[in-house]
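Bear in mind that the values in this text are calculations on the coordinates, not laboratory data. No experiment lies behind these values; they were computed from the predicted model shown. Note that each Cβ is placed from the backbone with ideal geometry, even for glycine, and that neighbours are counted across all protein chains shown.
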Amino acid sequence: MQQKKIAIFASGNGTNAEKIFDYFKNHSTGKVSLLLTNNSKAPVRERAKKFAIPEVVFNRATFYETDQIPTLLKDNEIDLVVLAGFMWLVPENLVKAFPKKIVNIHPALLPKYGGKGMYGSFVHAAVGEAREKESGLTIHSLNENYDEGNVIFQEKCKVDLNDSPEDLAKKIHLLEHEHYPKVIEKLLHS
């Protein structure tokens, strides 16, 4: 079977992206072929360099006002688009170019604590303020709205009464690092 090609979109630190880079570095099913970022100073760029993954840095106008990104992905024969800490809403032209082939990870159990502005510490603070007893991660397909695509996978963790947003983030990062690469691998087979 021919290796499937993965493109990763990331905006920040890139710990999830690095786990995916590492998971697929000598994998028979798939490989990370591209990193795309909207942040020229993102630490994820250094992480990609360690794995010799080609990168593309783009700006808002390119992303929202042209077809350059979908064309680039198609020209590189990308099979699956993976968002790993990518903060911009994906435009309709990209969603339509890769129907059911774009996935995102969210640090809560959707549909709770999703939507515009709900990312990172904002999510964890909201979970704590609501005194939830559990949180977790959601991996979902993408549509044109924040965090509204079909749920593909969820994993829960306990929220202790004295957990700070940082404590909860650590618990969920562990779940993300364990499960996101495995779920991506399954998606490459579907």
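Which percent, nearest 5, of DSSP beta bridges in region 4-189 are antiparallel? Show your work: numbers first, answer last.
Values: 11 of 27 bridges.
For region 4-189, the DSSP antiparallel bridge percentage is about 40.
Relative to the longest principal axis of the chain, what angle (0 to 90°, nearest 10) does the C-alpha long axis of helix 165-189 take?
40
Suppose the chain between GLU148 and MET87 were pulled fully straight at 0.36 nm per residue; how much longer would it get relative to their current alpha carbon spacing?
Details: separation 61, 0.36 × 61 = 21.96 nm, distance 1.48 nm.
Separation in residues times 0.36 nm, less the Cα-Cα distance, equals 20.5 nm.
For region 4-189, what is the convex hull (Cα atoms) projected area averaged across all directions, in square nanometres?
One quarter of the hull surface, i.e. the mean projection, equals 9.7 nm².
Provide the FRET efficiency to the nearest 0.05 for the ARG60-SER28 pair, computing r from the beta carbons and using R0 = 30 Å. It would help to have the intermediate numbers written out before the result.
Numbers: r = 37 Å, r/R0 = 1.25.
With a Förster radius of 30 Å, E is 0.20.
For the pairs LYS50/LYS96; LYS25/LYS182; LYS41/LYS186; LYS101/LYS171; LYS5/LYS25; LYS19/LYS100, flag any whose C-alpha to C-alpha distance is greater than 21 Å.
Where the Cα-Cα span goes over 21 Å, the pairs concerned are LYS50/LYS96; LYS41/LYS186; LYS101/LYS171; LYS19/LYS100.
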